[in-house]
Amino acid sequence: MKDCLFCKISNKEIPSEIVYQDEVVTVFKDINPVAPIHLLIIPNRHIVSVQEMESGDEEILGKLFSAAKNAAEASGISDSGYRLIINNGPDANQEIFHIHMHLLGGGRMKHPMG
Ligand code: 5GP
Ligand code: ZN
């Protein structure tokens, strides 16, 4: 998708700290981390949000979870734990309209959800 920041990151048109990439997903460091480890996991295909997922996207989105698991292991936080967040729409403050999963870890979470 033209003019999508995260499409440009997965296409390497703009720089980011990619920690893992395959033909389906890209995992990279959030530019403004809110935890010692803060990664973003995106499908390479432009899917806007959970609400706009279509039939057939389930397999791609399922791979976000396996990428999160592998990234947590690679980051050394699979035992200490981590939080996965997907913001959807205005009330959740979704800022980038290319679906992404936040992986947060590396320290005890201080604030409750919501
Ligand atoms: P959202 O609020 O949409 O769930 O989260 C968007 C996330 O993307 C934010 O945590 C923000 O810091 C991150 N972000 C925004 N622009 C960039 C960028 O250019 N590069 C990287 N690596 N992360 C970004
Ligand atoms: Zn996109």
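What the table below lists for this structure:
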| quantity | calculated |
| --- | --- |
| Length gained when the stretch Ser66-Phe97 is fully extended (0.36 nm per residue, less Cα-Cα span) | 9.0 nm |
| Neighbour count of at most 13 Cβ within 10 Å plus DSSP loop: longest trypsin sites (Lys or Arg not before Pro)-free window in the chain | 13-107 |
| Cα-derived Rg over Rh, computed across the chain with Rh taken as Kirkwood radius | 0.94 |
| Segment 44-73: GluC sites (Glu not before Pro) falling in loop per DSSP and having at most 15 other Cβ within 10 Å | Glu52, Glu54 |
| Cut-off under 5 Å, modelled amide H: who pairs with Ser49 long-range | Ile99 |
| Top of Ala71, Ala35, Ala92 by mean-square fluctuation, Gaussian network on the chain, Cα under 10 Å | Ala92 |
| Folded to 0 to 90 degrees: helix 58-74 orientation relative to the chain principal axis, Cα | 30 |
| GNM result for the chain, Cα springs below 10 Å: residue of Ile42, Ile31, Ile86 fluctuating most strongly | Ile31 |
| Dimensionless Rg/Rh of segment 3-70 - Kirkwood Rh, Rg from C-alpha atoms | 0.95 |
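None of the figures in this text is laboratory data; all of them are computed from the coordinates on show. Remember, it's a predicted structure, so these values are computed and weren't measured experimentally. Quick reminder, even Gly has a Cβ in these numbers, built from the backbone with ideal geometry, and neighbours come from all protein chains shown.
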